[in-house]
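Inspection log for the structure reproduced underneath, given as structure tokens.
Computed from the coordinates by the stated procedures, all read-outs in this text should not be read as laboratory data. The structure displayed is predicted, hence computed values, not measured ones. Glycine gets a Cβ as well: all are built from the backbone with ideal geometry, and neighbour counts include every protein chain shown.
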Amino acid sequence: MVNRFLLAVISLALFVSCGGSGSDLADLQGGDTKVESPTASPSPQPTLVSQPEVTPEVSEPKTETAIDADSSDIQNIVGCTSSGHGELRREEMLESHELWLGTLVGSSLDEGYKLLAGGSVPDGLIFNGDIHLWWVSASDHTIHHGIVDDSGELEDLGPISVDGEIFSGMVDPDVIQLDDGSLGLTVLDGFDRSGPPGPICHLRSSDGQNFITENTMLDKEDRFDPSLVIVNGQWWLAVGIPSEEDSLTEIYKGFDGQNFVYVATVEGAVPDISYFDSAFRLLTCSKSGMRSYSSSNGEDWGLDTIIPFRGCDPSRITGSNFFAYKVESGGGNEMPPPVPMPDERPPTE
């Protein structure tokens with residue numbers, strides 16, 4: 001019953017944080033921020049882009065420190081928490097969610113086409129020459145892995161395994177490829193419990209289907225939708241803080257997936273952080289649309305543009321101009337992270 005209540009509250013929060021409103025653009029863009037309009041196209045034609053090896057200017061961290069991770073704490077459990085995992089189940093709240101694949105070049109968004117129904121919070125990259133995607137499936141409320149074939153169809157390879165098990169309770173996947181060629185998947189763990197979910201957990205895999213737990217990255221309440229980029233050995237983690245009023249994104253930096261320290265906050269939630277063309281890039285969802293930021297050092301961020309956007313959960317497909325995102329068919333129920341009600345905190349373990 002409590003989980004159903006959280007799902008209902010979840011529905012309200014992302015509807016507010018991700019629902020576009022044209023009337024808000026003039027108020028939120030400010031200064032010289034540009035507002036661009038997307039175009040529709042049935043089949044995007046992307047180009048692959050190289051990932052530069054450029055060392056950004058990085059200043060010393062500020063004093064606020066995230067809770068340090070200790071991999072020894074998770075040796076005897078599956079994932080990064082001993083609670084918040086459950087049996088596979090169909091999730092009705094996600095059945096109206098659709099995965100779309102388009103292109104994003106600068107501020108020019110081509111909405112592209114629908115890949116599948118019943119999927120949410122996608123992320124992906126180019127791996128072994130193919131587009132690989134990870135998302136949360138409505139069919140069993142697990143993270144699925146799939147490949148987009150040459151004809152543009154998505155082949156669903158089924159739920160991923162973690163430490164040899166398949167279970168519900170990990171959401172918000174974000175994937176990177178590491179220097180050794182392996183894949184790192186950052187997720188929000190512990191989603192299937194009555195209290196606040198967490199922590200943010202990092203997994204590793206050689207094939208994108210079978211993962212092992214690497215370590216806990218960040219253990220702070222009410223941080224959701226993690227997104228990670230590694231630049232010259234420095235780890236940069238963006239996390240969303242949903243709100244019925246003004247949703248925010250926090251940026252942290254650390255080393256080897258641990259010891260993250262807070263460095264910045266920007267407007268909008270459900271972030272996607274990346275690095276290309278010698279600059280950090282950040283996309284977030286807001287009431288006015290998709291906010292696009294850039295930074296030379298990962299700490300000082302400027303708003304470049306606000307793009308009218310009917311979806312949410314933006315994700316650049318690393319290594320290309322592809323852009324994956326979620327659309328709510330019929331404008332129905334959204335499924336944001338749980339947001340505490342005023343003067344009321346969710347129960348803790």
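Quick notes on this structure:
- Mean Cβ neighbour count within 10 Å, used as a protection proxy, ranking 283-291, 117-125 highest first: 283-291, 117-125
- Sorted by Cβ density within 10 Å, fewest first, the residues Lys114, Lys326: Lys114, Lys326
- With θ taken as phi - 60° and the Karplus curve 6.51 cos²θ - 1.76 cosθ + 1.60 applied, the whole-hertz 3J(HN,Hα) list for segment 116-121 is 6, 9, x, x, 8, 6 Hz, x standing for glycine and proline.
- Euclidean distance of C-alpha centroids, segment 212-264 and segment 137-154, integer Å: 25 Å
- Over segment 195-331, relative contact order from alpha-carbon pairs under 8 Å, at least 6 apart, %: 14 percent
- Protection proxy ranking, peptides 263-276, 199-212, average beta carbon neighbours within 10 Å, highest first: 263-276, 199-212
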